[in-house]
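Notes to accompany the following structure.
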Amino acid sequence: MSLKKLGMLAVVSSIFGGIVALVGYQYFVKKNEFTSIESMQRASFANFSDTSAIAVPAGLNFIHAAELTTPAVVHIKTTYMPETTRPKTRDEELFRYFYGDPYENYNQPREASGSGVIVTGGGYIVTNNHVVDKASKIQVVLNDKRTYDAKLIGTDPTTDLALIKIEGENLPFVVYGNSDQVRIGEWVLAVGNPFNLTSTVTAGIISAKTRSINILRDKDNMAIESFLQTDAVVNPGNSGGALVNLRGELIGINTAIASPTGAYAGYSFAVPVSLVKKVIDDIMNYGQVQRGLLGVVIQDMTPALAKEKTIDFISGVYVSAVNQGSAADLGGIKEGDIVTKINDINIGATTQLQEVVARYRPGDKLKVKYVRKGKELETSVTLKNKLGDMAIVAKDDNSVKTKLGADLQPVSGGEMSVLEISGGAKVAKLFSGKLKEAGVREGFIITSIDKKPVSSPEDVVRILESTTNGGILMEGIYPNGKKEFYGIGW
């Protein structure tokens, strides 16, 4: 055989060998690669009672929860009238005549939208306060396109919750779940109307609990932030929508997102249903939220704080001050105690303590466990309202204490001796009302009203109940000895 033929044979043999190798790789190696991925899927998703099956376990199927929830999550459309009418100057009238009105939309109604959750077959709907706040008209569109005008029943800015109602019967509704039993890592669904995309369902997990993001502002410092944090996608328009577990039970009301742009960037936050239920019940039954207060100033317990206070670090909430005459004070809780449980719920953060206490009303009794100097103790406390008593506050309450907006306490013997006074009524805590409007600060001791001496908080109530002249002159003294006079419209 010639050299040329031998060379040609070598080339053909090489090509044939390459083809065989390629086919073998595709058949054996690639087949094994696909088999490996398939095995991984089986390992991840198989029902382990039957490892031959490749199926998503029933407990991880989102279809059931979505089908239960979407009919009861509504699209809320709100209309806002301008708060003021902008007058036009003569020059602007001439400009408008020749060039048109650059402010033609200034006095036009604005529109916005959000979501809500039907919680009763009779048409009660939970949403966020910021979805309906100051709206002149509220319209509700159901998943099946039925449209209703809604009535605002009540709001609670301290939790960013609101209750509205439509006239309907046998409406679909979402049942309440239990947010206390929700666990980090648990699958959840967010249902709402982001960007006007109605009936949108997204999935994620619970990323954290009792989270505070400092988004709620309240002039009386009574805002409650103890959010469930999730990574379910939530965007503008989802506010007021449902956060549900895989059983389709409501565990939270979607409220906020953490975002540098205003759109979803990874995490969203929901008011836990344990708090939602209480707020909604209060609005239904009393017309406004009834807040029971423990009467303590608290801090998160940290290793740094434990070192500063020279105490052993334990999980709980540190009591840095106790208001005189408060529920905690009467229950024997003192500064330096560490609260560890309330009604058998473990307390690990200030936000959690605030949220748990906020579930109760004035007059309710709580069992509080705390640690003092290494010893675990337990006490029973009876919560008070912001006015310092245990009564339920009616929506239209026009009592003296409510109008003043203050928790009045007797003056101690030591204070009377130091300040050289014979009595008075001490402003232990201020809320919205006449005293705050007049510039009175906490700690002020009222000694007289319209030249009538005040010896106790009861004297303040008695004098003001008989006042009809439209104004009062209040005299008193601060703990530093400075005397002050306040003219207050009454």
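The values are calculated or read from the model by the stated rules, or taken from the named source; none is laboratory data. Quick caveat, the model's predicted, so the values are computed rather than measured. Please note: Cβ atoms are built from the backbone with ideal geometry, for glycine as well, and neighbour counts cover all protein chains shown. Surface accessibility is based on the protein's heavy atoms, side chains included, excluding ligands, DNA and RNA. Shrake-Rupley method; radii C 1.70, N 1.55, O 1.52, S 1.80 Å.
State which residue is farthest from residue 271 (Cα to Cα) when the search covers only segment 202-232 and only residues that are open to solvent by 60 Å² or more (accessible area, probe 1.4 Å) and in contact with a Pro (Cβ under 9 Å, 6 or more places away or on another chain).
Per the criteria, the residue is 217.
Starting from segment 110-133, keep only residues that are in contact (Cβ under 8 Å) with a residue 60 or more places away in the chain, then list their pairs with residues that are of a type in the set (Asp, Glu) whose Cβ atoms are within a distance under 7 Å, requiring at least 6 positions of separation or different chains.
That search, which allows pairs on different chains as well, returns 128/160; 130/160.
Given segment 105-215, what strands (runs of 3 or more DSSP E) lie entirely inside it while holding 1 or more residues that are within 20 Å of residue 351 (Cβ to Cβ)? Full working, then the answer.
Values: elements: 110-118, 124-127, 137-141, 147-149, 151-156, 161-165, 187-192, 200-211.
So the answer is 151-156, 161-165, 187-192, 200-211.
Report yes if some residue within segment 139-158 is in contact with a Ser or Thr (Cβ under 9 Å, 6 or more places away or on another chain), closer than 29 Å to residue 432 by Cα and at pLDDT 95 or above; otherwise report no.
No: zero hits.
Looking only at segment 171-196, how many residues end up being of a type in the set (A, V, I, L, M, F, W, C), within 19 Å of residue 72 (Cα to Cα) and surrounded by 17 or more Cβ atoms within 10 Å (Cβ to Cβ)?
Looking only at that region, the number is 7.
Looking for something farther than 21 Å from residue 394 by Cα, hydrophobic (A, V, I, L, M, F, W, C) and open to solvent by 30 Å² or more (accessible area, probe 1.4 Å) - is there at least one such residue anywhere in segment 273-292?
Of segment 273-292, the ones farther than 21 Å from residue 394 by Cα are 273-274.
Okay, now just the ones that are also hydrophobic (A, V, I, L, M, F, W, C), so 273.
Of the ones still in play, those that are also open to solvent by 30 Å² or more (accessible area, probe 1.4 Å) are none.
No, there is no match, as no residue in segment 273-292 is farther than 21 Å from residue 394 by Cα, hydrophobic (A, V, I, L, M, F, W, C) and open to solvent by 30 Å² or more (accessible area, probe 1.4 Å).
Does residue 366 satisfy being touching a Phe, Trp or Tyr at 6+ places or on another chain (Cβ under 7 Å), closer than 22 Å to residue 157 by Cα and open to solvent by less than 40 Å² (accessible area, probe 1.4 Å)?
Values: touching a Phe, Trp or Tyr at 6+ places or on another chain (Cβ under 7 Å): yes; closer than 22 Å to residue 157 by Cα: no; open to solvent by less than 40 Å² (accessible area, probe 1.4 Å): yes.
No; evaluated as a whole, the condition is false for this residue.
Kindly indicate whether residue 448 is open to solvent by 20 Å² or more (accessible area, probe 1.4 Å) and either of a type in the set (Gly, Ala, Ser) or within 31 Å of the chain's Cα centre (by Cα) (or both).
No; evaluated as a whole, the condition is false for this residue.
Which pairs do you get when a residue that is over 21 Å from residue 338 (Cα atoms), found in segment 359-371, comes within reach of a residue that is among the hydroxyl-bearing types (Ser, Thr, Tyr) and surrounded by fewer than 19 Cβ atoms within 10 Å (Cβ to Cβ), reach meaning Cβ atoms under 8 angstrom, with the pair 6+ apart or on two chains?
Listed pairs, sorted by first residue: 363/382; 364/382.
Looking at the structure I just gave you, is residue 388 over 24 Å from the mean Cα position of the chain (by Cα), exposed (fewer than 14 other Cβ atoms within 10 Å of the Cβ) and at pLDDT below 95?
On the way: over 24 Å from the mean Cα position of the chain (by Cα): yes; exposed (fewer than 14 other Cβ atoms within 10 Å of the Cβ): no; at pLDDT below 95: yes.
Against the criterion (over 24 Å from the mean Cα position of the chain (by Cα), exposed (fewer than 14 other Cβ atoms within 10 Å of the Cβ) and at pLDDT below 95), residue 388 does not qualify.
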